[in-house]
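Structure record follows, encoded as structure tokens.
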Amino acid sequence: MANHQGGGGAGGLIGHASLPPPIPAGDQTVWADAGPLIVAACSELQDGELIHAENFSLFAAMSALEIMDPKMDSGIENSGYHSIEEAIENNIAPVPLSLDSTIDVQCILDATWHKGHSLAQTVFSCIYLLRIERTSPHALLHSYCRIMRAICNALVSVVSDARTNEEEDLFAMAYALPLKGEGDEKCLSILNSVEETISRQLRACKAQSSRKKSLEDIEPLQRNPDLEEGYCRALLCRLRFRKHYFHVFMCMRKPHGKGLELARKHVALCLSELSYMSKSLEFLRSLPYGSGQDDIESSTTASGCKPIGFDASLNSTLSAPGPPRATHILSWKKAVGYFQKLLHDLDFVCSFNMEPVLEDVLHYVVQFQKLQPDLVARTHLQILLVQDGKLCGKDSFHDVISRALALPELTADKEFQKNEFIVQLGQLIVSLLKILCTNIAWQRRKLGKILQDWGVLSLQLEMAFKREFGDRLNVMVDENMCMKVSRRLLIWTDEHTYWIASRFLTLGFELELYSPNEYCMVYWYMYVVLMRLMEKMQMRIAINSETSQRRGKKKKDHAKDPARDGSLSSSSLLIHCYICLCEGLAMMLAALHNESKAFQMRSPFNGEEERFVQHFDLLQKAHVPDHVSYYLFKESTVHARISGVVKHNYFREAQRITSSLKGSFAGDPNRMLELQQLEQVAEHNRIALNVINQVGADDPSLRVSFEFTHHPHFAIAVVKRS
């Protein structure tokens, strides 16, 4: 994911101080020249071999440094400067950037962009940021550096507070970099002053072009009057972008979502300034100054010239506790695209409804993750969802649970709030929301672990319920409050346990963890999990419906169409659609395996049963669901035949459900898009199944493959004849 610390503008590294003196020889040590030994070894060693002592273990090998490897040996990319002061003395970061005022303005406009690494190797590879006090005589450069540092500090703070990141996302450690400085709180006033000066100059340029006022009345930015207006516009959009960008994060940090509406306005202004920056590209690349301009697709600056004041190797020793990785520098064009994507993600976060129910929150986060959001956006969503131990900073989680159980009268019940199960559930919900805001690889690992906790709590609830009330889970009449709460709590906990399991399984497709010959077992397991999920969901809906009837609400007439059946919600019907697709795909793959010997495991090391255990071990340990094993999978699929799959009409049933749901989801564009995707998956697979049935699954000329063309989790069969 993108490291927003290095997201644009001045980037850079901190240098080493002077090189440390060599370790002196002592009474017990003597320095020896290892050169001849290394030369001799080079002629003898083959690829993959290494020289090591007898006590050199595999663990030590994993921690070893490979000399002369740029990714591991931080000294190999030494720039020749041993300190920032030495680089400054050699005029690497002059102030002003040029004695020629025109070139000075152009160089200020040239900024490099970095992504995906530590502060030391990204933003602070800019020497001007490392020594901001040197820029104070240059108001324009000083104001930009100040706002950049303030943004970096704000983002590092929010990521550190949320703890949503891991190394693949962002290094939050600053390593004594100057993230804060005296007077940084005045960065906006300094920027506003410079912005106003340039705005006046731009107005003067326009006035001169209309012969209303002489340009000499205001001191120009540079000496060429023909370029003045273009430079003013290019500078203004960059300064304004940083100003509104800073405001976005300040507004989003306000408690209880109070700044979200204003943040959206600043997001819109940021996008507007980005468009102006893109329009300035043609002007900047047409300038005669500089030489050796890079291609626009690879150039890291708008003008195509090499930026001044950057050294990507000065801070290599500060990049991380381990060896530094190669820094990826984004091209200017990709950097603009990166910011546009990030701003759209932040806008999605700002559109969040601050009066949610938990089920809507879970759906919202899953929809958000489909955007493949940047860490910065994910972090702000997490902080928005969980504030001061409450949902959105407003509702305590025992209140959230009481509403989910359709028992609002429990909200003020102190005994309910202090109940051990309720406290544990509240903690699990907080953990779940935080996990869902992480990157999907980390999310899947964490979901597999938290599933154990949900499974254990569900088992404890079931044992406690049976101990108190016996086997009366489906009783709906004449129950006391204690039994009512216990039964609903058990059903609700089971439902969310299966929801987590389904999320865990589907993320495997997004991470490409399954091979085609494993699709059958994965879809079969998804089918089993989703069946249990729908069962628990329908039980909850039935209980809530029965409660409403007891409160005097009239019972609605039920039509025969399941889409209009009051006992089923639109969400449970959508789950039913998933079930049809999973069962259809599992049986189709099993039939192809049985009849044409396709999609078979051919690994000499891992057989089908070992793969089953590897993929579903975490689910099995959590008993999600109970009594599911590899042998049950084989028993369910061993007799599958293409003719039988055609007869059951799994895919036609999925099509029928998607059609019936369109009215229910008409106001939700994301749901409507998914319905369209599911309909396409069902249609393609129904046609492919009929073709296979007509040709014969055992026809040697038949070639069947599976692709995720329409939906990230449900494959379509592609049938060809050789």
Segment 346-361 residues that are closer than 26 Å to His247 by Cα, paired with ones that are open to solvent by 20 Å² or more (accessible area, probe 1.4 Å) and aromatic (Phe, Trp, Tyr) (beta carbon under 7 Å, 6 or more apart): Phe352/Tyr364
Selected residue (criterion: farthest from Val366 (Cα to Cα)) from residues of segment 433-460 that are touching a Phe, Trp or Tyr at 6+ places or on another chain (Cβ under 8 Å) and open to solvent by less than 10 Å² (accessible area, probe 1.4 Å): Leu457
Scan segment 102-157 residue by residue and report those that are aromatic (Phe, Trp, Tyr) and at pLDDT 80 or above. Tyr128, Tyr144
Please count how many residues of segment 319-353 are part of a loop (DSSP other than H, G, I, E, B) and either open to solvent by 70 Å² or more (accessible area, probe 1.4 Å) or at pLDDT below 65 (or both). 10
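Let's see how each residue does on (1) closer than 28 Å to Ala335 by Cβ; (2) among the basic types (Lys, Arg); (3) assigned to a helix (DSSP H, G or I); (4) in contact with a helix residue (DSSP H, G or I) (Cβ under 9 Å, 6 or more places away or on another chain):
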residue: Val194; (1), (2), (3), (4): yes, no, yes, yes
residue: Leu221; (1), (2), (3), (4): yes, no, no, yes
residue: Asp226; (1), (2), (3), (4): no, no, yes, no
residue: Tyr231; (1), (2), (3), (4): yes, no, yes, yes
residue: Arg240; (1), (2), (3), (4): yes, yes, yes, yes
residue: Arg264; (1), (2), (3), (4): yes, yes, yes, yes
Under 9 Å between Cβ atoms, which residue pairs at least 6 apart in sequence (or on different chains) link something in segment 573-592 that is surrounded by fewer than 24 Cβ atoms within 10 Å (Cβ to Cβ) with a partner that is basic (Lys, Arg)? Leu574/Arg671
Selection from segment 520-536 of residues that are open to solvent by 20 Å² or more (accessible area, probe 1.4 Å) and either under 28 Å from the mean Cα position of the chain (by Cα) or free of Cβ contacts under 8 Å to residues at least 60 places away in the same chain (or both): Tyr527, Met531, Met534, Glu535, Lys536
Name the single residue, out of those in segment 381-425 being of a type in the set (Gly, Ala, Ser) and without any contact (Cβ under 8 Å) to a residue 24 or more places away in the chain, that is farthest from Met481 (Cα to Cα). Ala412
Taking Ala312, is it in contact with a Pro (Cβ under 7 Å, 6 or more places away or on another chain) and either open to solvent by 20 Å² or more (accessible area, probe 1.4 Å) or at pLDDT 85 or above (or both)? no
From Val529, Val485, Val477, Val522, which residue is modelled with pLDDT under 90 and in a helix (DSSP H, G or I)? Val485
Quick check on segment 608-628. Is at least one of its residues surrounded by fewer than 18 Cβ atoms within 10 Å (Cβ to Cβ) and of a type in the set (Gly, Ala, Ser)? no
Tell me which residues, restricted to segment 687-708, are within 19 Å of Pro516 (Cα to Cα) and in contact (Cβ under 8 Å) with a residue 24 or more places away in the chain. Ala688, Leu689, Ile692, Ala697, Asp698, Leu702, Val704, Ser705, Phe706, Phe708
Test Ser43 against the criterion of being loosely packed, with under 10 Cβ neighbours inside 10 Å, at pLDDT 70 or above and more than 30 Å from Asn224 (Cα to Cα), and give yes or no. yes
From the options Leu410, Leu362, residue that is open to solvent by less than 30 Å² (accessible area, probe 1.4 Å), aliphatic (A, V, I, L, M) and under 19 Å from Tyr498 (Cα atoms): Leu362
Odd one out for Lys621, checked against (1) closer than 30 Å to Gln452 by Cβ; (2) at pLDDT 95 or above: (2)
Mind listing whichever residues of segment 654-671 are part of a helix (DSSP H, G or I) and open to solvent by less than 60 Å² (accessible area, probe 1.4 Å)? Ala654, Gln655, Ile657, Thr658, Ser660, Leu661, Arg671
Quick check, is Asp388 within 27 Å of Leu342 (Cβ to Cβ), among the acidic types (Asp, Glu), open to solvent by less than 30 Å² (accessible area, probe 1.4 Å) and under 31 Å from the mean Cα position of the chain (by Cα)? no
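The values are calculated or read from the model by the stated rules, or taken from the named source; none is laboratory data. All values reported here derive from a predicted model rather than from experimental measurement. In this analysis, Cβ positions are derived from the backbone assuming ideal geometry, glycine residues included, and neighbour counts consider all displayed protein chains. Protein only, heavy atoms only, side chains kept; ligands, DNA and RNA dropped before computing areas. Shrake-Rupley method; radii C 1.70, N 1.55, O 1.52, S 1.80 Å.
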